[in-house]
Amino acid sequence: MKNFITQFSRIFVGVLFIISGLIKLNDPVGFSYKLAEYFSEPVFNMPFLTPLALGLAIFLVIFEVVLGVMLLVGYKTKTTIWSLLLLIIFFTFLTFYSAYFDVVKDCGCFGDALHLTPWESFTKDVVLLFFILILFFNQKLIKPLFATPKTNFAVYLSVVLCAFMAVWVLNHNPIKDFRPYKVGTNIEKGMEIPEGVPKSVVEMIFIYKVNGVDKEFTEKDLMNIPEGAIFVDRKDKVITEGYVPPIHDFTMTKEGSDYKEELLKEPKLLVFVTYDLALSNPDGMKNLEKLNVEAKSKGYKVIAMTASSDEIIAKTKKQYGLNVDFYFCDAIALKTIERSNPSIVVIQNGTIIQKVHYNDIEKLIL
């Protein structure tokens, strides 16, 4: 009986770690945003780690997948189980902290594929901790599945394949898109609230650094943000909890007016998405004007969307010779639409029909 429980725990923990890791490895940039949220001032106040978020995200998700493989094939049992135990203790602390202090709404354990509440995430980690403790106290029952050379090869191969996958999705798009803005999504329908469901009242609070000091602005104050202010973060202040549609923070604002209703009716709309122009990839930006001219010649309306200030927009347009109108949208929404900065999105009557990384512009079908 003890052996059965141990082997069940081995398979359960190993498979769950591999699945969870691969989902996040499919979108490491998205996971890095979640880590940056943990590093932010309202949570752990460790902003010096924010520039390292992407590197840490890639390391953690590869480590998670490889640990699952190591457990299943029986590679260096003692090292593997100690690593699993320390990792799950760390994540259990994070999820408890998030749930108890209500600072991170979704731990990102399964990326955008499955959203868990903070307490659900904590419960999941407690269950995993229980099964890992079974493995910890019954290490002698965990034997390698293969001879040593084959076991080593399986682990090394998993490392190589994970590294290859990480490089691929960083330079292209996630292999599987689980986000609310995936191809085929109608943005207007994604914002709809079904009849009869309780509606949430949420106030978006935007944090900008003004003269070295973080200041909060409500949505109606956005047009009065001082020149030179730098976007830091955005948080949602829930006035009344209720149903939240998949798409709830999408705007196309220009000079104080939101044009999304008008623009989403365009039959041929090409959008350059760049949440932060100051961080956009220079090589990707250099190709946008050429694409702009080509798209307009084929009847497309071409616009750009960003969360950057008017000052940075003007500087960028001059630097890259961009002849497009920029519309404001929250940085978090833009990061959700596409991970690459910049990226290109084609919308037809409000429905997303194409999305490409700046490295894949040649794959656009206009």
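The values are calculated or read from the model by the stated rules, or taken from the named source; none is laboratory data. Note that the structure is predicted; figures quoted are calculated from it, not measured. Heads up, the Cβs are rebuilt from the backbone with ideal geometry, glycines too, and the neighbour counts pull from every protein chain shown. The area values use the complete protein model at the heavy-atom level, side chains included, leaving out ligands, DNA and RNA. Shrake-Rupley method; radii C 1.70, N 1.55, O 1.52, S 1.80 Å.
If you filter segment 88-100 down to residues that are touching a residue at least 24 places away in the same chain (Cβ under 8 Å) and among the hydrophobic types (A, V, I, L, M, F, W, C), you find that the one that is least open to solvent (accessible area, probe 1.4 Å) is Ile88.
Scanning segment 142-172 for residues that are without any contact (Cβ under 8 Å) to a residue 12 or more places away in the chain and under 30 Å from Gln348 (Cβ atoms) yields one hit, Trp168. Check segment 9-27 and report whether any residue there is of a type in the set (Phe, Trp, Tyr), over 26 Å from Asp102 (Cα atoms) and surrounded by fewer than 19 Cβ atoms within 10 Å (Cβ to Cβ). Scanning segment 9-27 turns up at least one residue that is of a type in the set (Phe, Trp, Tyr), over 26 Å from Asp102 (Cα atoms) and surrounded by fewer than 19 Cβ atoms within 10 Å (Cβ to Cβ).
Cβ-Cβ contacts under 8 Å between residues 6 or more apart (or on different chains), taken from a first residue in segment 311-329 that is under 20 Å from Leu222 (Cβ atoms) and open to solvent by 60 Å² or more (accessible area, probe 1.4 Å) to a second residue that is at pLDDT below 95 and assigned to a strand (DSSP E or B), are listed as Asp325/Lys254.
When segment 106-132 is filtered for residues that are surrounded by fewer than 14 Cβ atoms within 10 Å (Cβ to Cβ) and either outside any helix (DSSP H, G or I) or among the charged types (D, E, K, R) (or both), the ones remaining, listed by number, are Leu114, Thr117.
Within segment 247-260, the residues that satisfy the criterion of being surrounded by 15 or more Cβ atoms within 10 Å (Cβ to Cβ) and either more than 19 Å from Glu311 (Cα to Cα) or without any contact (Cβ under 8 Å) to a residue 12 or more places away in the chain (or both) are Ile247, His248, Asp249, Phe250, Thr251, Asp258, Tyr259, Lys260.
For segment 135-172, the tally of residues that are among the hydroxyl-bearing types (Ser, Thr, Tyr) and either surrounded by fewer than 14 Cβ atoms within 10 Å (Cβ to Cβ) or farther than 27 Å from Ile88 by Cα (or both) stands at 2. Residues considered: Ile187, Ile193, Ile175. Of these, the only one that is surrounded by 12 or more Cβ atoms within 10 Å (Cβ to Cβ), within 24 Å of Thr351 (Cα to Cα) and at pLDDT below 85 is Ile193.
The single residue among Asn173, Asn152 that is outside any loop (DSSP other than H, G, I, E, B) and polar (S, T, N, Q) turns out to be Asn152. What tally of residues in segment 265-279 results from selecting those that are over 12 Å from Met305 (Cβ atoms) and not acidic (Asp, Glu)? Total meeting the criteria: 5.
Given the criteria under 25 Å from the mean Cα position of the chain (by Cα), modelled with pLDDT of 85 or more and open to solvent by 40 Å² or more (accessible area, probe 1.4 Å), does Glu219 qualify? Spelling it out, it is not the case that Glu219 is under 25 Å from the mean Cα position of the chain (by Cα), modelled with pLDDT of 85 or more and open to solvent by 40 Å² or more (accessible area, probe 1.4 Å). Just one of the listed residues (Ile230, Ile205, Ile239) is open to solvent by 60 Å² or more (accessible area, probe 1.4 Å) and in contact with an Asp or Glu (Cβ under 8 Å, 6 or more places away or on another chain), namely Ile239.
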